[in-house]
1. So if each residue of separation counts as 0.36 nm, and I subtract the Cα-Cα distance between ASN77 and GLU104, what length gain in nm does that give?
2. Which length gain, in nm to one decimal place, applies between LYS66 and ASN261 when the Cα-Cα distance is subtracted from 0.36 nm times their residue separation?
3. From the square roots a ≥ b ≥ c of the eigenvalues of the alpha-carbon gyration tensor of the range 204-284, which class results: rounded (a/c under 1.5), prolate (a/b over b/c), or oblate?
4. Can you give the FRET efficiency to the nearest 0.05 for THR566 and ASN657, using r as the Cβ-Cβ distance and R₀ = 30 Å?
5. Quick one: what are the phi-derived ³J(HN,Hα) couplings along the range 517-526, Karplus 6.51/-1.76/1.60 with θ = phi - 60°, whole Hz, x for glycine and proline?
6. Short version: what are the Cα gyration tensor semi-axes of the range 332-374, square root of 5 times each eigenvalue, largest first, in whole Å?
7. For the range 618-634 and the range 556-578, write down the distance between their C-alpha centroids in whole Å.
8. Sort MET335, MET208 by heavy-atom solvent-accessible area, probe 1.4 angstrom, most to least.
Amino acid sequence: MSEFRIHHDVNELLGLLNVRGGDGAEVYIDLLQKNRTPYVTTTVSAHSAKVKMAEHSKIPEDFLRKYDELKSKNVRNLDPLVYLLSKLTEDKETLKFLQQNAKERSEMSANAASSTTTSYNVPATSSKMSMQELEELRKKLGNVTASSNVPQSSEVIRKMLRDRHNKKNPTQPNPVFPNWVYDRPALIGDFVTSPTPVGDPVVAIGTMPLAAQEQALVEDLLYVLIGVDGRDIAAQPVLGRQSRSFIVDPSLDMSIKELVNRILPVASCYSTITRFTEEKSSFEYGQVNHALTAAMRTLMKEYLILVTQLEHLHRQGTLSLQKLWFYIQPTMRTMEILASIATSVDKGECMGGSTLSLLHDRTFNYTGDSQAQELCLYLTKAASVPYFEILEKWIYRGIIKDPYSEFMVEEHELQKEKIQEDYNDKYWDQRYTIVQHRIPSFLQKMADKILNTGKYLNVVRECGRDVTCPDAKEVLYTLKERAYVEQIEKAYYYASKVLLDFLMEEKELVSRLRSIKHYFLMDKGDFFVHFMDLTEEELKKPVDDIIPPRLEALLELALRMSTANTDPFKDDLKIDLMPHDVITQLLRVLAIDTKQEKAIINAEPTEVSLSGLEAFSFDYIVKWPLSLIINRKALTRYQMLFRHMFYCKHVERLLCNVWISNKAAKQYSLHSAKWFAAAFALRQRMLNFVQNIQYYMMFEVMEPTWHIMENNLKSVIPVILRQFTGITFLAEHVDALQSDSGFEATISKFDSNFSTLLLELLDKLSIYSTNDCEHSMINIIYRLDFNGFYTERLEKMAIERSQKTAA
């Protein structure tokens, strides 16, 4: 999570909780940034948190029931959430805020519900409904139908999944089983329930001798254990995801019935597993579920072999009910685990990574029960094979082959050509994205590395180079996470090196960055002297009167006449006349993803027309794949820096030109020359200010930052920028003075305004350097106030500010 996002979320949360005053958001932001280690739940901590929350609930049974329901659906991050809620119950102040907030929200919801209660007014039978009324009634009925909790049939779910896949991959439709697979229920191996009773109603089993009852029930159980109704035991129809129940003849002897009821749960598990394997083996549920059902079928073969052997004993007359109970017990645990997993996957509607998360959690939780853990380990290994095949193609070759949308990385169709048009990093951030619920829990920590590994290789691949990791090995599931963590890390380092070498050597990234520095950070002095000399008259015009092709021609001429002619990328430099001044541009950028964004974008333009100097900027053409790094977002930052420095350079040139015009003062008398002394002093103070500001920006901010290649340039504070712009704007008009009777008054006014603005700037720099620990700002303060000329007035302003704060 970015620092900006943390800041935004903290402020939103404080606003929701109605927190005012105090230490403010900054304290919480610092704490969050220092403690960003993810919380890892343990069985003990999760259980303790659950118990604590149940104790604080009005109806503990309802809370525990809801918790178990969500747990059975494999809801991600359930235990960390419960742990967080249990911690909140310990903070009385926060709890009070939350309760008040919940009360206000419930009152607002109740008021909204009472004001928007929908009434279904059906027109009288004598009147004819209009098409509009009919459409409204259809929508209302549709909403009522959609809100019902009737479980959807398997056919509807399959169609929904199939349509979703075909919409995303129209050229690769899902294969579909023929209809007869679903229309003939006898093929699935589960019970075929019938409304008619099974068996001969004339002879009740309770009238038979005890030995005959036992033999009849043994035969019935052998049928029921493989999904076929018996004579005196019948399966009940199931609705949705219910477990199968059975009806036993009530006349049966109680001792036999008790033993039968102990064995029937195995038949119920068999029914659950059979229905699950038949349903989830469809293509619509993905390769992971298909592999899981195949593994379950393999385990079920052993169970069916056992039942066949028991049937053979029964035919020999050596199988009693007690022996059946004895022989079936070893498989009961296996059947219970398989049925539990099937039910959880079904309830949670798990596919792909979420299925693997459930299996991994089960495997891990069975630590101490070697038989159960070995069973779950077998299932997880089998189910993970197709997922790891997708993973291997991604981290070793940068290719996604995920036909059923199961993998954690999802591909989106975006155009590379639009990177230069978009301000944000849309292509890099959105071409391939992480889908959280598809991340297996055992790969959660490595998700970002997995995403970036494939991204790096994919960039090189899209440039026409085939890349494959030389350390590629088969990824296998294991409880020892370090095994595949090491493989992923090796692939990540290889992908990083390949992309870096490709960009640095073949695409000459460093040379490109140096070229950008030449022009946007103004380190080609002779080029800018030529360019500003050539374009001085043109840039004085209003921006609407400037002819861009003429500026382009002058730019090319300046490039050819200076040392910039040796730059191999000089032809990628272009002219850009911006629609806003630099402050407005900066505010628009800072407003992105904030509440003020819409208001600033839709704000009416100011009536003041921009001059060419205020609108002028450079632009730069960058092609794929360098456009991933030098994107519109990065170029916009360079543009704002350039516009600011270019304007400073323009003001410096004006002040230097004033020195030439000041030579005319020699022709005036000594008395008149005194007036010009003040003008000379003011010009020198202005020039000292502008030159020192430029020195500070170029040699104490940008040059060190450039050399260490930080990802983000230092943010420009809008308040200081506006103050500074006011000073430079004031200095720009010095050359327009006339030597008339108002000359002395004009100089005095300029001197007063300049001193006021400069003092305000120094005061704000002093505040920021102290409050935000930006100690580098002290350097520019001392450079501008090198002889202590403004010190006394700054101290006075600080005292006045502290008095106002105290009042």
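1. Difference between extended and current length: 6.9 nm.
2. Separation in residues times 0.36 nm, less the Cα-Cα distance, equals 67.3 nm.
3. Because a/c hits 1.5 or more and a/b exceeds b/c, the range 204-284 counts as prolate.
4. Here the calculated transfer efficiency is 0.50.
5. 5, 3, 9, 7, 9, 6, 9, 9, x, 5
6. In descending order the semi-axes read 19, 13, 6 Å.
7. So the two Cα centres are separated by 17 Å.
8. The most accessible residue leads, giving MET208, MET335.
The values are calculated or read from the model by the stated rules, or taken from the named source; none is laboratory data. What you see is a predicted model, and the numbers here were worked out from it, not measured in a lab. Ideal geometry is used to build each Cβ from the backbone, glycine not excepted, and the neighbour counts take in all protein chains shown. For the accessible areas, the whole protein counts, side chains as well, though only heavy atoms, and no ligand, DNA or RNA atoms are used. Shrake-Rupley method; radii C 1.70, N 1.55, O 1.52, S 1.80 Å.
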